[in-house]
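One structure is given below, encoded as structure tokens.
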Amino acid sequence: MKLAEALQERADLNRKISQLETRLLENSFTQDGVEPAQDPKKLLEELDRCISRMEQLIAAINKANTATIVDGSSLTELIARKDCLALEIGVLNSLMAPPAAPSRATRAPKSRSSAWWTSARCRRRPTASRRKCARWTTSYSRPTGRQRSTYNHISR
């Protein structure tokens, strides 16, 4: 199974767990003498199976992300970089937003140029394409040892 398939299965499990939670809530409380539409015990058993599978998938995905090297960085490092860039853009965009009420405070021009530069870096997003390529070429169940993606030649 490729990493992208494992990520898709994880997303499907997240949806299924959410649906099971809703179904459990709907069938846990009923009026006296009224049988629930679905057996809550069976729903709990199914929820337990889904959560166990989710645990296995998350562990395998994390191992694969750590072991897969793209341009000298692991996928885990690239994901952390992407998340931090998104956080930085969010903060800088809030600095660029006009104030809610008129005030005497002025924005520093450096904040605007810094926000523009950061957003420009994210628009190019070279790490995203390398990360996606690696997901489609990496098997997540490989044993220990570092594995190389077939897309190491992609330049920044």
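The values are calculated or read from the model by the stated rules, or taken from the named source; none is laboratory data. In this text the structure is predicted, and so the values were computed from the model without any measurement. A quick note on method: Cβ atoms are made from the backbone with ideal geometry, for glycine too, and the neighbour counts reach across all protein chains shown. Ligands, DNA and RNA are stripped out before the accessible areas are found, and what is left, the full protein with its side chains, is counted by its heavy atoms. Shrake-Rupley method; radii C 1.70, N 1.55, O 1.52, S 1.80 Å.
I'm trying to understand the selection: among the residues of the stretch 27-74, which are outside any strand (DSSP E or B) and in contact (Cβ under 8 Å) with a residue 60 or more places away in the chain? So that I can check it myself, show each step before the final result.
Taking the stretch 27-74 and keeping what is outside any strand (DSSP E or B), we get 27-67, 71-72.
Within the stretch 27-74, ALA60, ILE61, LYS63, ALA64, ASN65, ALA67, ASP71 meet the criteria.
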Six or more apart or on different chains, Cβ atoms under 8 Å: show the pairs whose first residue is in the stretch 78-96 and open to solvent by 70 Å² or more (accessible area, probe 1.4 Å) and whose second is at pLDDT 95 or above.
none
For THR68, are the conditions met, namely being of a type in the set (Ser, Thr, Tyr) and crowded, with 16+ Cβ neighbours inside 10 Å?
yes
